[in-house]
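Read the structure below first, then the notes.
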Amino acid sequence: MHVPGFDGGDCCECTCVSVYDDDYSCSSTDSGFACVDPTAPCVDDDDITIEQALNCFPREFGDGWCDQENNNEICGYDGGDCCECTCVNAWDDDYSCAANSACIDPSAPCVDDDDVTVDMVENCGYVGSVGNGWCDEENNNEGCGYDGGDCCECTCQPLDTDDGTDDYFQNGCGNGFACIDPNAPCVNDDDITLDIVENCDSVAVGNGFCDMDNNNEACAYDGGDCCECTCEDQPNQECGRWSGFACIDPEAPCVDEDSFTVDMVESCKYPGSFGNGWCDEDNNIEECAYDGGDCCECTCEVRGP
Ligand SMILES: [Ca+2]
Ligand SMILES: [Ca+2]
Ligand SMILES: [Ca+2]
Ligand SMILES: [Ca+2]
């Protein structure tokens, strides 16, 4: 239901009416309102302006988390959340302000303490992931410094895990690369092009896992990942493991070695699981060649690693 006029009062503490008995719906925190209704008695009780209400996410101001979409002058640099020296923890555990500072507020005393620039905040999908040892596709552009080198094998630096960083990142630099930084010494070492970066899940191209969204000509048939004879094992991924194969690249020497066809891309719900030795019920239809035989004991073959 559309409520005309300042969300029916929901955005001002003095006019919001709780839907439930426990007052939970009208947020109890100061940051939970964005009161810009000039007729509300408390319109001046918070510092939210109409411009901010239109351009920002005011409820996230000063909540202890750096919200990139608020990290600009109009939005008051997210109420200080993005600078280590101005962020105020929302909780007692210091966790919130420790995450991902991107200090670009020129008036903050620590504005020069990190390497994050205004350009980066504007051009990076997620500035907190720059230089973290994982190639983040949304950061892989010139304005974002090509993700701080994360997307080229020769420039990627694994995170230092001795400082207590989560073990999840132990295998940094292993999730795939998409090297398009013209200044990287290895820019021509993989087959990733700008077109692929723009049109495909480029980090997953050539990562040893058959990604069906990339299994087309424009995406170089996922860098060979979907054909057994062209896939190359990667440090964290054995070819075919979990993904199976779905070889439709006409240039692949083994394109005719499985019975998977281009038509089946449409018909098979899980094309990568065709003929992988596991019966996938959703593939068990005529148009998908009954999952490549996986669903009958006499035709199923144990395959892959
Ligand atoms: Ca925030
Ligand atoms: Ca990264
Ligand atoms: Ca892949
Ligand atoms: Ca199967």
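Just so it is clear, none of the values below were taken in a lab; they were calculated from the coordinates. These numbers were taken from a predicted model, which means no experiment stands behind them. Every residue, glycine among them, receives a Cβ derived from its backbone with ideal geometry; neighbour counts consider all protein chains shown.
Applying both filters, DSSP loop and at most 16 other Cβ atoms within 10 Å, to the GluC sites (Glu not before Pro) of the range 180-236 gives Glu232. Of the GluC sites (Glu not before Pro) found in the range 245-294, the ones in coil according to DSSP and having at most 14 other Cβ atoms within 10 Å of their Cβ are Glu251, Glu257. What's the longest piece of the chain with no exposed chymotrypsin sites (Phe, Trp or Tyr not before Pro), counting a site as exposed if DSSP puts it in a loop and it has at most 15 other beta carbons within 10 Å? Formally, the longest exposed-site-free interval is 127-241. Classification of the range 60-116 by its C-alpha gyration tensor yields an oblate form. The axis ratio a/c (a ≥ b ≥ c) is 1.5 or more, and b/c is at least a/b.
In this rough spin-label picture, where each label sits 7 Å from Cα along the Cβ direction, the Val19-Asp195 distance is 4.9 nm. Normalised by the number of residues in the range 175-222, the average gap of Cα pairs under 8 Å and 6 or more apart makes the relative contact order 33 percent.
Both radii were evaluated on the Cα set of the chain; the Rg over Rh quotient, with Rh as the Kirkwood radius, amounts to 1.11.
Taking the Cα atoms of the range 146-305, the ratio Rg/Rh between the radius of gyration and the Kirkwood radius comes to 1.04. If you find the alpha carbon centre of the range 113-130 and of the range 182-211, how far apart are they in angstrom? First find each Cα centre; the distance between them is then 22 Å.
Take every Cα pair under 8 Å whose residues are at least 6 apart in sequence, average their separation, divide by the length of the chain, and the relative contact order is 7 percent. Shown for the chain: cysteine residues without a partner Cβ closer than 4.7 Å, namely Cys11, Cys296, Cys298, Cys300. Calculated [222 nm] ellipticity per residue, helices only, for the chain: -2500 deg cm²/dmol; basis is -39500 (n - 2.57) per DSSP H run with n ≥ 4, divided by all residues, nearest 500.
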